[in-house]
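Presented below is the structure to which this report refers.
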4 protein chains.
Amino acid sequence: MYSFRNDYSEGAHEKVLKALTDTNYIQTVGYGLDPVCEEARELIRNLCNAPQADVHFLVGGTQTNLVVIDSLLRPYEAVIAAHTGHVNVHETGAIEATGHKVCAAFAPDGKLTPALVEQVVNAHSSEHMVHPKLVYISDTTELGTLYTKSELTALRRCCDENGLYLFLDGARLGSALASPENDLTFADLAELTDVFYIGGTKNGALFGEALVMTVPNEHFRWHMKQRGAILAKGRLLGLQFKALLEDGLYLDLARHANELAYRLRDGIAALGYPFPVASSTNQQFPVVPDTVMEKLIGMGYEFEVERKEDEDHTCIRFVTSWATPVSAVEKFLEDLANC
Amino acid sequence: MYSFRNDYSEGAHEKVLKALTDTNYIQTVGYGLDPVCEEARELIRNLCNAPQADVHFLVGGTQTNLVVIDSLLRPYEAVIAAHTGHVNVHETGAIEATGHKVCAAFAPDGKLTPALVEQVVNAHSSEHMVHPKLVYISDTTELGTLYTKSELTALRRCCDENGLYLFLDGARLGSALASPENDLTFADLAELTDVFYIGGTKNGALFGEALVMTVPNEHFRWHMKQRGAILAKGRLLGLQFKALLEDGLYLDLARHANELAYRLRDGIAALGYPFPVASSTNQQFPVVPDTVMEKLIGMGYEFEVERKEDEDHTCIRFVTSWATPVSAVEKFLEDLANC
Amino acid sequence: MYSFRNDYSEGAHEKVLKALTDTNYIQTVGYGLDPVCEEARELIRNLCNAPQADVHFLVGGTQTNLVVIDSLLRPYEAVIAAHTGHVNVHETGAIEATGHKVCAAFAPDGKLTPALVEQVVNAHSSEHMVHPKLVYISDTTELGTLYTKSELTALRRCCDENGLYLFLDGARLGSALASPENDLTFADLAELTDVFYIGGTKNGALFGEALVMTVPNEHFRWHMKQRGAILAKGRLLGLQFKALLEDGLYLDLARHANELAYRLRDGIAALGYPFPVASSTNQQFPVVPDTVMEKLIGMGYEFEVERKEDEDHTCIRFVTSWATPVSAVEKFLEDLANC
Amino acid sequence: MYSFRNDYSEGAHEKVLKALTDTNYIQTVGYGLDPVCEEARELIRNLCNAPQADVHFLVGGTQTNLVVIDSLLRPYEAVIAAHTGHVNVHETGAIEATGHKVCAAFAPDGKLTPALVEQVVNAHSSEHMVHPKLVYISDTTELGTLYTKSELTALRRCCDENGLYLFLDGARLGSALASPENDLTFADLAELTDVFYIGGTKNGALFGEALVMTVPNEHFRWHMKQRGAILAKGRLLGLQFKALLEDGLYLDLARHANELAYRLRDGIAALGYPFPVASSTNQQFPVVPDTVMEKLIGMGYEFEVERKEDEDHTCIRFVTSWATPVSAVEKFLEDLANC
C-alpha cells in the first residue's frame, strides 16, 4: 500500500539522477566552489531577478534554518514564529541550541500576520527581555496554507517598520508557488524577504536547499562551516538544482504533487470528511473517525497523525509528492470509500 | 515620595552590614571556600534538615537560574515554566543562551500544576522535539501567589512519574514562607525539590542567593566558574546568609514586608480598587484608573506597570520590603484616598 | 591536468550510484529508520564484531565531530587533540561553538600519545580550569600517518586510567586500514575506542560517515536532529554504506588510492625531493622548490599548500583517491621530471 | 601567619564600607541606573578623558571577560590571547562556553606583541578556520609584568592594520598604573584600547569591575542581563567606584600594595632567591628550594604554587594588597631568613 507520510519517501527525479551520473568522473574543487554550483547560482539569481543576491546550497532544512538564524542574530536577539513553525516545534531546539529564543505567536492557520508580529514586538520592551529581530515564516506553512503577495508585502512593511529581518523557509516552496491560489514569484520572494530558500529535498532532489540572501552576510560560509553545513562534494547540490531549475522542472513536479493532493482532497471530502484548515497545496489534513483511521492503517496505508480532534476523531495528514502515481490516489479513494 | 517599585531599592539590613564591617580585615581564602561560608552552609543544612545537601552561594537570581539549569540539562533537554516565569520573560533569553528551550505553559495565577506540566510533556514525543526535563517554579511566583505543601507535593509526584527535575526559584522565598497562607518549611523544600534557593537580594542582603541542591551535581562549581558565578570574595555571601539565618532574622524581615503589603492591599481595596489575582505576599497588583495612576506618578510615587487592563485602567504592582516604613504606607493610602 | 587536491573531487563509485538508481522509486520512511539503513547497521556491527554497538549515519565529518563531542561532554568538559587535529584547526571553531574548549597538544607527526594526553590532563587540576574528558584522534591523521594497534591500545589504557573517552575520526579510515603498515581491524577499533567512524565521503561515497558507538548514548538521535544532522532521506546513507561494505569494496577502493600514493611518493622521492613526515597512506607531503611548485601550477596541476618550509621551498600535499587513474600519476611524474 | 595568596583575602577599604553604610537607606532604582552609578560613570569618563565612552559596572573578572567578548564577536570569530592569559587557562572555558575559540600564543613573559598577534592572524586564512577578531591582554599580566605606552601603541597599530579589537583586562590595573615602570594613564587606555576595565575586586572594593568601552556596543546591557551580570542593587558598584576614584584613593591603594611587593621582592632577592620573570607590580614569583617552601607552609604562610621549576625547586607566587601591613612583610622576611 502507498505511503502518504511525506514528500521525501522516494529518491530523486530521474533527471537529477542522470545529472549526477553523467558528471560523476569530472573532477571539481569541493565545498560548492565548483563551476556547476556557480552555474546554478547564476540560474537562481536570474529566476529571482536578483543579480546581487548571494546563493548558498545546504543539505537540509533544519540545518539551513539554524545557520541562517545564527548568522543574522546577535546573542540577545530572538525569532518570531508561528506556534506551529518548524523552528518552534520540530527541530529539537536547534535554534535555542545556537543561543536564541523563539517567541511563538498563536496562529491557527500557521500564518504570521503583522498584528501577530507586533504583538510579540510590543511585549518585549527592555533589556530584561530578548529583542525580537527576525520573523520566520514558512511557505507553504506546516498546515499546508500559503502566503499571498499582499500578505507577504504587509509582513515586509511590518518588518521594515520594526527593524526586523524576514526569513522564509521554503522547504515546500515548490508546492506553494505551483498552487492556483499563489500569486508570488521567485522574484517577489527575493524582493520581499531578506532571505528565503528553495527546497529541493521535498520536491525532486535527493537532498538540498538553495538559499537566496539579499541581506548582506559576508561571512556566511564561515557560519556554514562552523555548523558542519558545507558539503565536501558541494557540486552534488549545484548539479541537482541546475537540473531542477533550468527548464522549469521544479514547478512541474510541484504542480503534479498539488494536483494529486487536490484529487485526494476532493475525493475525501466527497465522502463527507471535513478539513478544518483549507489547503491548496500538497499537504491535506482531513478529520476521520478513529475507526476509519485504524482500517486504513490495517490496509497498510501510511500517514502522519496531526492531532486528536475529539474522543473518536483524529486529524491526519496526507502528503503527495512529485513521485506519487495517480493510481495510488485512486486506489486509496476506493479503499476509503469501503471503510 | 516612596518607591514601591521593588524590594531591592535599599542596601542591607544593619545586622548584615555590621557582619561585613566586623570581619573586614580578617583574611580568608577566596571563592566561597572560607570558614564563614562553611558555617553558613552548615546552618542552612540544619534549617533544611538536609545534612547531605550541597549549598552554594551565588550573587543574583538570573545567574543562579542559568547555572542551575545548564548544569542539570543535556543539550536536547528543555525547561517547563509558567508563561509568567522569570526564566521565560525577564532574563533576556539567559536560558536559551545556554542552549535550552523554555517550554511555557499558560498559567493565569503564575503557578504550574501537574496538569500543565503533563500537557507539555505529552506534546513532546519524538527525537524531532526537545525533551522536557526540568520543571521551573517560583515561590512566591511573579504574580505574588504561593505554593501550598499539597500543591508542591503533587508537583513532586508528577516530576517523579515523568522523570523531571523540580527547581524552585526562591528569589522571594522569604515572603512566601512568612505568609499566613504558607504551610511549607525549609525542610519541606529540601525534601520536595531537587534544588531550590533562598533569596537574599530581595530580603535584607546586599546581594546573594543560597542554593540548596539535593540532586547530585558533583561538578557544580565548575559550572559556576564557567559562567562567572564564583565570587572572588565569596565570604561576603557566607557572612550575609549567616547574619540573616542564624537567629530567624530572615523570616522576621519577610514578615515585616508582608504585613506592610497587607496594610497596603487592604487600604487600596477599601478604596474600591480590585485585585484580579489575590496575593498574600509582598507583591500586590491592584487595577486603577489611568487617571489615578497618573496622579500617583505626579506625586512622585514609584511602582511598576504590570499591564494595560483595558482602555482606561492599568494593573500596577506595589512591592514592600524589609525596609519599608509603616509611615510610607500610611502616607500613600492617604494620598490615594485623595486621588 | 589532474587535481591531487583531495579525495573528494569526483562523485561516487559506480556501484554506489547504481544502488541509488536501482532503489530510487521504493518508498521508505525517512530519517535513517528505513530497512536499508538497518541492513547497513547490521553489516557494520558484524564487521566490527560489536553486536551491541549503535550505528548512526551522518553526512559529513565536521558535522559528525561536533555532534559526537557535544553529545558526550558536559559543559565544563574539554577535548584533547593534536595541534594538527581537524577539530582544532579546520572546522571554524565548530567544537567551541557547542561550548567546549579544545586543548591542543603539540604532536609533530599528528599523533597523540599517552604522554601528550597526560600532560594536558595534569595541567588541568581545579574548578578554575576546564576538565579534559575526551581524546580526539584521527586515523589516518591530518599528516597521513596512522596508529598501530599497540599505540591505540596504549591510548585506550591511558584513557581508562584518566576517565577519558576515546573518539577516532575515521574520515580517512579506509586509507589507514588498507595501508601495509596498519595492523588494526574494524573490530579492534570498536573494542579500543568509545566511538569512531568509517568515512565514506573520501572513499567512494557521494557523502556520508558511519558512526560506531560502543559508549552508551541513548539520546544520540536527539543530538543529531538538534544539529541538523539527520538526513530526511536517510536511506541514501544506508544504501551507500551497504554498497561499499557488503563485499569489501571499501577497502579495495582505499587500497587503490594508497597504491597510487606510493607510486607518486616513490616517483617524487626518486627525483630527490624529501618527505619530512613519512606516510604510508593516500596523503603525501613532499617539499619542493617554489620554482618547481610554480611550474606545476602553471601546467594546471592542483594540490594544497601545507606550509612554507623555508625562503625558497614549500611543503605541498598530494592526495590520491579511489578514482585516481594510473595514467594521471604517470603523467604527473613525467611532468615533474621535466620541471 | 599572613596569607600572600592573593589580593582579595580581606574585605574592602574603610572608605568603601563607609560609603555603603552612609547610603544604606536611600532608595534608588536598581540595575545600575541610579544617580550614584551615573556620578561614578561621569567620574570615570573624566579620568579617561573620554566623554563619549560607555561605562558599565560588573561584579567580577570572568563575568566581565565573557560578556565583553561575547558582545563583540560574531559566532565564527575568535580571541587571540597569551598562553598564560586568564581567559585561556583560568576561567573553566568561559569564553568557549559562549561559542568562541581562544587562540593562544606562547608568550614567555605573559605579554602579547604585534609579532605574536600577526602569527595567529596569518595562520587563519580561510572559511575553514575561525577568524581571529579580538586581542585580549591583561595589565598587569598574569605574571606581574606590564605594558608600556609604546608597547600598547604598537599593539593598537597592529590591531588597526588587522581589523582587530583590543581588549585590556584590568583586574590588576591599579598595580600596573601605580608601578614606577608604568607610563600609561587612564586616558591612554581609553584611547589605545577598544574596551578595558578598572579592577575593583583586587584593589580595595568588596567586588566590582568598571568597564570603559569606546567601541560602540549599543545593546551591551542586554548582553549583561543575558549572562546574569546586571546586579540588582547596582548602586553598590557605583558607590564603591566613586569612593575609590573620586580623590585618587584607587592609585594610592595600589601604590601601597606595590611598595610592599618591592620590599618583599628585595628582601627575598637579598637572601639569594632568583626571580625568573622581573615584576614591578604586586605579584612576585621567586624560585625557592622545596625544603624552604615546606618550612614556610609549616609556619602557616599561604601563597600559590606557580609551577615546579626542577626536581628540588618551585616557583611560588606572593601577592600583596592594599591591606597588607608592613609588619607582615617584615615578619615574613625574618622568618624566611631563618629557613
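The values are calculated or read from the model by the stated rules, or taken from the named source; none is laboratory data. These figures come from a predicted structure and were not determined experimentally. Don't worry about glycine lacking a Cβ; one is built from the backbone with ideal geometry, like all the others, and counts go over all protein chains shown.
Condition check ((1) closer than 24 Å to C:Thr62 by Cα; (2) in the same structural domain as A:His90 (by TED's automatic domain parsing); (3) among the basic types (Lys, Arg)) across all residues:
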{"position": "A:Ser9", "(1), (2), (3)": "no, no, no"}
{"position": "A:Lys18", "(1), (2), (3)": "no, yes, yes"}
{"position": "A:Thr28", "(1), (2), (3)": "yes, yes, no"}
{"position": "A:Tyr31", "(1), (2), (3)": "yes, yes, no"}
{"position": "A:Cys37", "(1), (2), (3)": "yes, yes, no"}
{"position": "A:Ala40", "(1), (2), (3)": "no, yes, no"}
{"position": "A:Asn46", "(1), (2), (3)": "no, yes, no"}
{"position": "A:Ile69", "(1), (2), (3)": "yes, yes, no"}
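Within segment A:20-29, if we keep just the residues that are under 15 Å from C:Val16 (Cα atoms) and not charged (D, E, K, R), the residue that is nearest to the other protein chains (Cβ to nearest Cβ) turns out to be A:Asn24. Of the residues making up segment A:149-185, just one is polar (S, T, N, Q), under 21 Å from A:Ala278 (Cβ atoms) and loosely packed, with under 15 Cβ neighbours inside 10 Å, namely A:Ser150.
Has segment D:129-140 got at least one residue that is hydroxyl-bearing (Ser, Thr, Tyr) and in contact with a Lys or Arg (Cβ under 6 Å, 6 or more places away or on another chain)? Within segment D:129-140, one or more residues are hydroxyl-bearing (Ser, Thr, Tyr) and in contact with a Lys or Arg (Cβ under 6 Å, 6 or more places away or on another chain). The residues in segment B:6-21 that are touching a Gly at 6+ places or on another chain (Cβ under 8 Å) and either among the small types (Gly, Ala, Ser) or not in a helix (DSSP H, G or I) (or both) can be counted, and the count is 5. The set of residues in segment B:186-204 that are touching a residue at least 60 places away in the same chain (Cβ under 8 Å) and within 14 Å of another protein chain (Cβ to nearest Cβ) comprises B:Tyr197, B:Gly199, B:Thr201, B:Lys202, B:Asn203, B:Gly204.
When residues in segment B:303-319 are screened for being farther than 19 Å from B:Thr281 by Cα, surrounded by 14 or more Cβ atoms within 10 Å (Cβ to Cβ) and of a type in the set (D, E, K, R), 1 of them pass.
Of the residues making up segment A:202-212, just one is touching a His at 6+ places or on another chain (Cβ under 7 Å) and aliphatic (A, V, I, L, M), namely A:Leu211.
Here's a check for you: in segment D:74-83, which residue that is surrounded by 21 or more Cβ atoms within 10 Å (Cβ to Cβ) and within 20 Å of the chain's Cα centre (by Cα) is nearest to the other protein chains (Cβ to nearest Cβ)?
The first filter runs over segment D:74-83 and keeps only residues surrounded by 21 or more Cβ atoms within 10 Å (Cβ to Cβ), leaving D:75-82.
Cutting the leftovers down to within 20 Å of the chain's Cα centre (by Cα) gives us D:79-82.
Working: D:Val79: 10, D:Ile80: 13, D:Ala81: 12, D:Ala82: 15 Å.
If we take residues in segment D:74-83 being surrounded by 21 or more Cβ atoms within 10 Å (Cβ to Cβ) and within 20 Å of the chain's Cα centre (by Cα), then D:Val79 is nearest to the other protein chains (Cβ to nearest Cβ).
The set of residues from segment C:56-73 being hydrophobic (A, V, I, L, M, F, W, C) and more than 9 Å from chain A (Cβ to nearest Cβ) comprises C:Phe57, C:Val68, C:Ile69, C:Leu72, C:Leu73. When restricted to residues that are over 30 Å from B:Ser321 (Cβ atoms) and touching a residue at least 40 places away in the same chain (Cβ under 8 Å), segment B:135-166 contains 7. Scanning segment C:295-308 for residues that are touching a residue at least 24 places away in the same chain (Cβ under 8 Å) and either of a type in the set (Phe, Trp, Tyr) or more than 12 Å from every other protein chain (Cβ to nearest Cβ) (or both) yields C:Lys295, C:Leu296, C:Met299, C:Tyr301, C:Phe303. Residue pairs whose Cβ atoms lie under 7 Å apart, separated by 6 or more positions or on different chains, with the first residue in segment D:205-227 and not assigned by TED's automatic domain parsing to the domain that holds D:Asp70 and the second modelled with pLDDT of 95 or more and surrounded by fewer than 24 Cβ atoms within 10 Å (Cβ to Cβ), do not occur.
Do the conditions hold for A:Thr320, that is, is it at pLDDT 95 or above, among the polar types (S, T, N, Q) and under 21 Å from A:Glu142 (Cα atoms)?
Details: at pLDDT 95 or above: yes; among the polar types (S, T, N, Q): yes; under 21 Å from A:Glu142 (Cα atoms): yes.
Here the answer is yes, as A:Thr320 does meet what is asked.
Are any of the residues in segment B:129-141 farther than 26 Å from A:Thr92 by Cα, at pLDDT 95 or above, touching an Asp or Glu at 6+ places or on another chain (Cβ under 9 Å) and of a type outside the set (Gly, Ala, Ser)? Yes; the residues of segment B:129-141 include at least one that is farther than 26 Å from A:Thr92 by Cα, at pLDDT 95 or above, touching an Asp or Glu at 6+ places or on another chain (Cβ under 9 Å) and of a type outside the set (Gly, Ala, Ser). Residue pairs whose Cβ atoms lie under 8 Å apart, sitting 6 or more positions apart in sequence or on different chains, and linking a residue in segment D:28-39 that is hydrophobic (A, V, I, L, M, F, W, C) to a partner that is part of a loop (DSSP other than H, G, I, E, B), are D:Val29/B:Arg5; D:Val29/B:Ser9; D:Leu33/D:Gly234; D:Val36/D:Thr23; D:Val36/D:Thr28; D:Cys37/D:Gly234. Looking at C:Ala40, C:Ala53, just one residue is more than 14 Å from chain A (Cβ to nearest Cβ), in contact with a strand residue (DSSP E or B) (Cβ under 6 Å, 6 or more places away or on another chain) and at pLDDT 95 or above, and that residue is C:Ala53.
Taking the numbered list (1) without any contact (Cβ under 8 Å) to a residue 12 or more places away in the chain; (2) within 14 Å of chain A (Cβ to nearest Cβ) in turn, C:Glu10 passes all entries but (1). Quick check on A:Ser3: is it surrounded by fewer than 23 Cβ atoms within 10 Å (Cβ to Cβ), polar (S, T, N, Q) and not assigned by TED's automatic domain parsing to the domain that holds A:Leu231? So A:Ser3 fits the description; yes. Exactly one residue among B:Glu96, B:Glu127 is within 14 Å of chain C (Cβ to nearest Cβ), surrounded by 20 or more Cβ atoms within 10 Å (Cβ to Cβ) and among the charged types (D, E, K, R), and that residue is B:Glu96. Look at (1) without any contact (Cβ under 8 Å) to a residue 24 or more places away in the chain; (2) farther than 22 Å from A:Thr140 by Cβ; (3) more than 12 Å from chain C (Cβ to nearest Cβ) and you find that A:Val121 fails only one, number (1). Of all residues assigned to segment C:163-175, at least one qualifies as being closer than 30 Å to B:Leu33 by Cα and either out of contact with any Pro (no Cβ under 9 Å at 6 or more places or on another chain) or modelled with pLDDT under 95 (or both).
Quick check on my filter: what residues within segment C:99-121 are of a type in the set (D, E, K, R) and surrounded by fewer than 19 Cβ atoms within 10 Å (Cβ to Cβ)? Lay out the reasoning, then the answer.
Looking only at segment C:99-121, we keep the residues that are of a type in the set (D, E, K, R), and these are C:101, C:109, C:111, C:118.
Listed by number, the residues that qualify are C:Asp109, C:Glu118.
The numbered conditions (1) over 21 Å from the mean Cα position of the chain (by Cα); (2) not assigned by TED's automatic domain parsing to the domain that holds B:Tyr147 are all true for B:Ala232 except (2).
Using the structure shown, decide if A:Phe332 is within 21 Å of the chain's Cα centre (by Cα), at pLDDT 95 or above and hydrophobic (A, V, I, L, M, F, W, C). No: the conditions fail for A:Phe332. Scan segment B:23-61 for residues that are buried (at least 16 other Cβ atoms within 10 Å of the Cβ) and not in a loop (DSSP other than H, G, I, E, B) and the total you get is 14. When D:Arg307 is tested against (1) in a loop (DSSP other than H, G, I, E, B); (2) modelled with pLDDT under 95, exactly one condition is not met: (1).
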